[in-house]
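Worksheet for the structure shown next.
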Ligand SMILES: *Cc1c(COP(=O)(O)O)cnc(C)c1O
């Protein structure tokens, strides 16, 4: 599809077709070339557009085209994991840079910052990004990157991408949005001024708990893009062809799945909110949620992630998780199965995460079965 055609099509249609151009065989499912290397001319020039799998390969190129189209970016880059996408981007920053992180963040990045950023001569700090004034105060002359995540993990705080982009740009910094939870089906941060988005494609984009991957989508194919690409090529943090194929397959059903996750999650959230044993529910789709109006403005729906606090403290929360039969106690998120995790038991302890908090990834089961399972576990 040409760019002009793309601009006329709706998201659902793009998700089904982006990166799916037929090759000479007419195959409907895209071909998967596992070849690590490609024939070149005696003088080393690529004859068919490719040279070596770590640099570029046909299925990776299709997935990157599709992700760029779905996010409304100029270009995308796929990685071995979401963590690899983040690390590769951070390595591209000039030494001496400062990074401002959201104070509620995927715990792997929380762990990465103190261990690796000092080695790369990068400083960082954290701020509650629901408070835009606090963000304004926290940016420094050397801030190169404002790193947001929305809704945040595991507290489900909704961030205002428009305001964060404004503050970041005023400070001469770029805004990265880790958009793993909403996916482009529900939020398109580049359309609200973000410079790039990060995804763990391991989650909703893959969608079936069977593939690991990551992605960065860039609003512009600029100097930053080239630097990140150079690091990915050299250090090899790239996605494998088979994993790229699985993620591309996941994109075909993404809008439909996100609708179904959201539909289930609001039912579960509404049930939990009224339950006497539940202290508090964090779900952006509840009117009681502090981020509801921003979510309503910037997101197409509220997604499948929520967390809730159980009355009675840490052990009471673990007991609820242990009594569930349909929900599975497991990490990660975004698959067909509903998952639950006692947050502080599995994530790096942080003062801001209550020890009675359970994080839930709502799957694609029937919502009544999910509600009944929670009902018996809370009884
Ligand atoms: C899982 C996750 C990541 C890391 O992705 P991996 O594919 O596990 O490396 C980053 N951000 C968010 C919000 C995540 O949920």
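Rule-based calculations on the coordinates, nothing more; no lab input. Everything quoted here is computed from the prediction, not taken from an experiment. We place every Cβ from the backbone using ideal geometry, glycine too, and count neighbours over all the protein chains shown.
Things to note:
- Helical runs (DSSP H, four residues minimum) scored at -39500 (n - 2.57) apiece and divided by the length of the chain put the mean residue ellipticity at 222 nm at -11000 deg cm²/dmol.
- Pair-distance distribution P(r) for the stretch 148-214, from all Cα-Cα distances in 5 Å bins starting at 0: 4, 19, 26, 23, 16, 8, 3, 1, 0 percent.
- Modelled spin labels at residue 235 and residue 259, positioned 7 Å past Cα toward Cβ, are 4.0 nm from each other.
- Projected area averaged over orientations for the stretch 1-128, convex hull of C-alpha atoms, nm²: 11.8
- Nearest 10 degrees, 0 to 90: helix 82-91 Cα axis against the chain principal axis: 60
- Compared with the dominant Cα axis of the chain, that is its longest principal axis, helix 161-170 is turned about 60°.
- Secondary structure note: in the chain, about 60% of the DSSP beta bridges are antiparallel.
- Whether the stretch 282-365 is rounded, prolate or oblate, judged on the alpha carbon gyration tensor where a/c under 1.5 counts as rounded: oblate
- Cα shape, the stretch 138-272, gyration tensor, a/c 1.5 rule: oblate
- Just so you know, the Cα atoms of the chain work out to an Rg and Dmax of 20.9, 74 Å.
- Quotient of C-alpha Rg and 2.2 N^0.38 Å, computed over the stretch 98-199: 0.98
- To the nearest ten degrees, helix 254-274 and the longest principal axis of the Cα atoms of the chain are 20 degrees apart.
- Volume of the Cα convex hull of the stretch 213-256, divided per residue and given in Å³: 78
- In the stretch 221-352 the Cα-Cα distances spread across 10 Å bins starting at 0 as 10, 29, 30, 22, 9, 1 percent of all pairs.
- Cα gyration tensor shape for the stretch 187-240, rounded if a/c is under 1.5, else prolate or oblate: oblate
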